[in-house]
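Asker: Just passing along the structure, written as structure tokens.
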Amino acid sequence: LVLKNQNRVKKPINILLPKEPSRIFEDIKSEKLTFSVVEAIKSDKKHKFCGFELDFLKTIHSDDVLSYAIKVKINDKIVVYSGDCSYKSKQDLVEFARNADILICESSFLVEYGFDDICNHLTAQQAGKIAKEANVKKLILNHFWPEEDVLNYYNEARKEFLNVFVADEKDIYLI
């Protein structure tokens, strides 16, 4: 609203968000002091946004937290971001990311610490398996424990998929 009042923004800002939890969605949508258009994301609809085509995939994270993967397409380039998810989402995520140029995938855990195959986050190995099965060109790992050496995530994912990068703030990746 401040930017609109300063005549720096001419058109309302588009906000895409999940319809659930409905209390939060309705609260944001009903806010009269914002200069925005609120739209609920739908997994079966392609959203157009600033020249991008956006698709959403509801993933399994935990019983009380909704999570979505996002596919961003511009021209013939595709980037997929997994969001937080469990390995229960593997097959859906593989199909969603199929042949993407880049898969940015959470990899919070390492196999060496004995995490179950199915928990609320992925291991770096699972991220590598998803990238391989989806036939993506690049895998960028993110969502690490701060105490862990990121090289451990890289090495674990590389056992499954060769073109792996470890996300680092301000890095730029060419598509």
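The values are calculated or read from the model by the stated rules, or taken from the named source; none is laboratory data. The structure displayed is predicted, hence computed values, not measured ones. Glycine gets a Cβ as well: all are built from the backbone with ideal geometry, and neighbour counts include every protein chain shown. Please note that ligands, DNA and RNA were not included when accessible areas were found on the heavy atoms of the full protein model with its side chains. Shrake-Rupley method; radii C 1.70, N 1.55, O 1.52, S 1.80 Å.
Asker: Once phi is turned into ³J(HN,Hα) by the Karplus curve 6.51 cos²θ - 1.76 cosθ + 1.60 with θ = phi - 60°, what whole-Hz value does each residue of segment 50-64 show in order, with x for glycine and proline?
Answerer: With the stated coefficients, segment 50-64 comes to 6, x, 9, 10, 10, 10, 10, 10, 5, 10, 8, 10, 8, 4, 10 Hz.
Asker: Using only Cα atoms, figure out Rg for segment 1-72 and give it as a multiple of 2.2 N^0.38 Å.
Answerer: 1.27
Asker: Given R₀ = 30 Å, what would the calculated FRET efficiency be for LYS132 paired with ASP63, taking r from the Cβ atoms and rounding to 0.05?
Answerer: E between LYS132 and ASP63, to the nearest 0.05, is 0.55.
Asker: Next up: What percent do you get for the relative contact order of segment 76-175 when only Cα pairs under 8 Å and 6+ apart count?
Answerer: Details: 194 pairs, mean separation 28.2, N = 100.
Worked out over segment 76-175, it gives 28 percent.
Asker: Which value in nm describes the separation of the simple spin-label points at LYS19 and ILE175, placed 7 Å from the Cα toward the beta carbon?
Answerer: It is 2.8 nm.
Asker: If I model a spin label as a point 7 Å beyond the Cα along the Cα-Cβ vector, how far apart are those points for GLU53 and LEU3 in nm?
Answerer: So the two model labels end up 2.6 nm from each other.
Asker: Where Lys and Arg each count +1 and Asp and Glu each count -1, what net charge lies around ASN75 among other residues with Cβ under 12 Å from its Cβ?
Answerer: After counting each charged neighbour, the total is -1.
Asker: If you don't mind, there's one more thing I want to ask. Could you give me the percent of Cα pairs per 10 Å distance bin for segment 55-134, shortest bin first, beginning at zero and ending with the bin that holds the maximum distance?
Answerer: P(r) for segment 55-134, in whole percents per bin: 20, 54, 22, 3, 0.
Asker: Suppose each label sits 7 Å from its Cα in the direction of the beta carbon; what would the LYS88-ASP117 distance come out to in nanometres?
Answerer: 1.5 nm
Asker: Which of the trypsin sites (Lys or Arg not before Pro) across segment 85-175 are loop residues per DSSP, with 16 or fewer other Cβ within 10 Å?
Answerer: Taking segment 85-175 and a limit of 16 other Cβ atoms within 10 Å, the loop trypsin sites (Lys or Arg not before Pro) found are ARG98, LYS137, LYS159, LYS170.
Asker: I need the peptides 77-84, 6-13 ranked by packing, meaning the mean over residues of other C-beta atoms within 10 angstrom, with the highest value on top. Please report the intermediate quantities before stating the final value.
Answerer: Working: 77-84: 20.4, 6-13: 9.6.
Going from most to least packed, we get 77-84, 6-13.
Asker: Taking a probe of 1.4 Å, how large is the accessible area per residue of segment 25-78, in Å²?
Answerer: Value returned for segment 25-78: 67 Å² of accessible area per residue.
Asker: Cα convex hull of the chain: mean projected area in nm², to one decimal?
Answerer: 11.8 nm²
Asker: Quick check: residue separation of GLU31 and ARG158 times 0.36 nm, minus the Cα distance between them. What number comes out in nm? Display every interim value, and only then the final one.
Answerer: On the way: separation 127, 0.36 × 127 = 45.72 nm, distance 4.64 nm.
So the chain would gain 41.1 nm between GLU31 and ARG158.
Asker: List the residues whose amide H sits under 5 Å from the amide H of THR123, counting only those 5 or more places along or on another chain, with H placed 1.01 Å from N in the peptide plane.
Answerer: For THR123, whose amide H was placed from the backbone, the distant partners under 5 Å are PHE109.
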